[in-house]
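These notes are about the structure you will find just below.
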Amino acid sequence: MLMIRFQRIGRTNDPAFRIVVLEKERAAKAGNIVELLGTYNPRSKALTLNEERVKHWIAMGAQPTGSIHNLLVNKGVITGKKVNVLPKKTSQKKEEEKMAETPVTPVVETKEEIPVIEAVSAETASAS
């Protein structure tokens with residue numbers, strides 16, 4: 001399956017990306033690309049894109065990643081809603097429900113009398 005995805009280029013702490021078409025199983029950095037579609041610099045928001053080729057590859061069955069899909073929707077290349085690409089978090093309600101499901105055994109304090117052991121002094125022990 002072909003994917004349209006980012007390929008990171010640029011120095012450390014200075015990211016820049018190529019927008020490429022490549023096999024899904026290939027590594028994003030080292031994989032042999034099928035076609036270079038454009039570049040994107042997230043710092044300056046500079047985008048160069050061959051819109052005709054992007055539409056061609058999507059028509060051929062290439063799947064854009066979530067980030068690429070959102071970028072293409074922003075720029076008006078494709079229509080549709082944006083995709084949530086952030087990782088899913090567990091909500092507060094779900095955690096509270098899990099806590100409610102686990103049975104809590106109540107701690108019952110009993111007031112039993114503890115037997116008092118009297119200390120036996122050496123004098124009384126030798127006398128008996």
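The values are calculated or read from the model by the stated rules, or taken from the named source; none is laboratory data. Just so it is clear, the structure is predicted and the values come from calculations on it, not from any experiment. Cβ: placed from backbone, ideal geometry, glycine included. Neighbour counts: every protein chain shown.
At-a-glance table
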{"quantity": "Options Arg43, Arg53, Arg26, Arg18; residue that is of a type in the set (D, E, K, R) and in contact with a Ser or Thr (Cβ under 9 Å, 6 or more places away or on another chain)", "calculated": "Arg18"}
{"quantity": "Extreme residue, surrounded by the fewest Cβ atoms within 10 Å (Cβ to Cβ), among residues of region 1-58 that are of a type in the set (Ser, Thr, Tyr) and more than 21 Å from Ile78 (Cα to Cα)", "calculated": "Thr12"}
{"quantity": "Qualifying residues in region 1-23 (those that are closer than 18 Å to His56 by Cα and among the basic types (Lys, Arg)) - the one nearest to the chain's Cα centre (by Cα)", "calculated": "Arg5"}
{"quantity": "Scope region 1-45; condition more than 12 Å from Leu71 (Cβ to Cβ), hydrophobic (A, V, I, L, M, F, W, C) and assigned to a strand (DSSP E or B); matching residues", "calculated": "Leu2, Met3, Ile9, Ala16, Val20, Val21, Leu22, Leu36"}
{"quantity": "Qualifying residue in region 84-103 (condition: of a type outside the set (Lys, Arg) and either under 19 Å from Met3 (Cβ atoms) or modelled with pLDDT of 90 or more (or both))", "calculated": "yes"}
